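Step one of this worksheet: look at the structure below.
The values are calculated or read from the model by the stated rules, or taken from the named source; none is laboratory data. A quick note: this is a predicted structure, and the numbers were derived from the prediction, not measured. Methodologically, a virtual Cβ is constructed for each residue, glycine included, from the backbone with ideal geometry; neighbour enumeration extends over all protein chains shown.
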Amino acid sequence: MTTWTEDELRRVGQAEELQISSTRADGSRRPYVTIWVVRDGDDIYVRSAYGANNGWFRRAKASGTGRIRAGGVERDVEFADAAPDAYAGIDQAYHSKYDRYGPKIVGSVVGAQVAPLTIRLLPRD
């Protein structure tokens with residue numbers, strides 16, 4: 001496991017959207033899905049806006065690995081759980097970045113109901 005470089009954190013964190021692909025059992029990649037992404041400190045996070053049964057989220061959790069593209073960065077990643085003590089900072093990052101879209105859409109990715117649907121993206125070699 002490696003860490004994000006400061007340049008990668010900046011570029012991915014500033015990207016409006018991220019494309020995410022999970023790994024199939026045979027090692028091939030699923031098609032990319034476009035979602036919102038936030039940076040909080042030295043970590044990158046995504047959340048499922050449509051619950052635990054959202055297809056990309058279910059597949060990411062089941063596979064544990066995949067690939068992301070955002071801000072000109074393309075990396076293989078591990079899908080990890082976010083620490084519960086990070087949830088408030090992640091909520092704030094979503095508000096800071098996306099509140100201009102209005103409370104209904106931002107409300108789908110912030111708060112206690114979606115906090116457990118947070119994936120921390122960890123870069124892989």
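Okay, here's what the table says:
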item: Checklist (1) surrounded by fewer than 19 Cβ atoms within 10 Å (Cβ to Cβ); (2) touching a residue at least 12 places away in the same chain (Cβ under 8 Å) applied to T23, failing item; result: (1)
item: Top-ranked residue in segment 48-82 [being over 18 Å from E17 (Cβ atoms) and out of contact with any strand residue (DSSP E or B) (no Cβ under 8 Å at 6 or more places or on another chain); ranked as surrounded by the most Cβ atoms within 10 Å (Cβ to Cβ)]; result: R58
item: Hey, V33 touching a His at 6+ places or on another chain (Cβ under 9 Å) and without any contact (Cβ under 8 Å) to a residue 40 or more places away in the chain or not; result: no
item: Residue in segment 48-63 that is farther than 17 Å from Y98 by Cβ, part of a loop (DSSP other than H, G, I, E, B) and touching an Asp or Glu at 6+ places or on another chain (Cβ under 9 Å) present; result: no
item: Leading residue by the ranking (surrounded by the fewest Cβ atoms within 10 Å (Cβ to Cβ)) among those in segment 26-47 that are among the aliphatic types (A, V, I, L, M) and either modelled with pLDDT under 95 or in a strand (DSSP E or B) (or both); result: V33
